[in-house]
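Accompanying notes for the structure given below.
The numbers here are math on the coordinates, done by the rules we state, and not lab data. These figures come from a predicted structure and were not determined experimentally. Backbone-built Cβ (ideal geometry, glycine too); neighbour counts: all protein chains shown.
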Amino acid sequence: MNSRTNNFSPAAFDMTQKPATRENSAEGLSPCAACAVRDLSLCNVLDEDELSMLASIVTSLEVPARAPIIDEGESADYLFNVTGGAVKLFKLLADGRRQITGFLFPGDFLGIAMNETYAYSAEAVSPVKLCRFPRAKLENMLDRFPHLEKRLLGMASNELAQAQDQMLLLGRKTAKEKLCSFLVSLARRAERRGDEPGPIYVPMSRADIGDYLGLTTETVSRTFTNLKRDGIIRLREGGMVEIPDFDHLEELADGI
């Protein structure tokens, strides 16, 4: 894999209210027609006729940065496909602390619930674009199109694999290994999305990274500084992070 760069900029945390999202619709036009992430998303297994049926139940949304998308415990009436921006998933502990459990990017699916309510909250890290599906109508389509259900199951399995990786990060790795693993994961996911080698936009704050890796904000900042001092990364203007030797970063992530 070639060298990668990453960008980190602050994102605040405010769940006091759920700002209104903007719904987009164009009469006579399918919201799927010009989707840049169709090959990565739920609908990539559908033919044109099936895609038109799916498009008939979709609402396109634009969500501003730091706005809640779903709240833990609320009725799981909708599912979402991320088509632009970045989303963070998290759970709030009884004492008010927050554990970020994952980040979603274009092509990822959001809102799968085993019961009638969401098991976690989701917030836009940057301005986000979503396709929103009413749960009941999407379930009807899954019954009609088994290949769509199989695709959704595959996406859920991928989510489970990411959760297992997160358990390893939290339980066994040092702060340096955690941060290196995080950067490696971001680069690999960007590659799977088809992004060009080079800068990768990652709008998480250091506080978000800490809440994901189980580290304090101070530890995250200090680890970034140490990686810069050792020549593992280069911090560029605007929060850009350049990775001169990706193979070496992978070795550090594995504790080598």
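Computed values, structure above
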item	result
Built amide H within the under 5 Å cut-off of Ile69, gap 5+	Ala122, Glu123, Ala124
Distance between modelled label sites at Arg192 and Asp77, nm, 7 Å Cα→Cβ extension	3.2
Under 5 Å, built H, 5+ apart or other chain: amide partners of Thr117	Ala76
When each of Lys91/Lys137; Lys178/Lys228; Lys91/Lys173; Lys88/Lys176; Lys88/Lys173 is checked by Cα-Cα distance, pairs over 25 Å	Lys91/Lys137
FRET efficiency for Arg144 and Arg172, using Cβ-Cβ distance with R0 set to 51 Å, rounded to 0.05	0.70
Global form of segment 53-141, assessed from the alpha-carbon gyration tensor, a/c cut-off 1.5	oblate
Ile256 versus Leu92: modelled label distance in nm, points set 7 Å from Cα along the beta carbon direction	4.3
Cα centroid separation - segment 146-177 against segment 88-127, whole Å	14
Net length gained if the chain between Asp47 and Asp165 were fully extended (0.36 nm per residue, minus Cα distance)	39.1 nm
For segment 148-164, 3J(HN,Hα) per residue [Karplus equation, 6.51 cos²θ - 1.76 cosθ + 1.60, θ = phi - 60°, Hz, x = Gly/Pro]	6, 5, 5, 5, 5, 4, x, 5, 5, 5, 5, 4, 5, 4, 5, 5, 5
Under 5 Å, built H, 5+ apart or other chain: amide partners of Gly102	Leu89
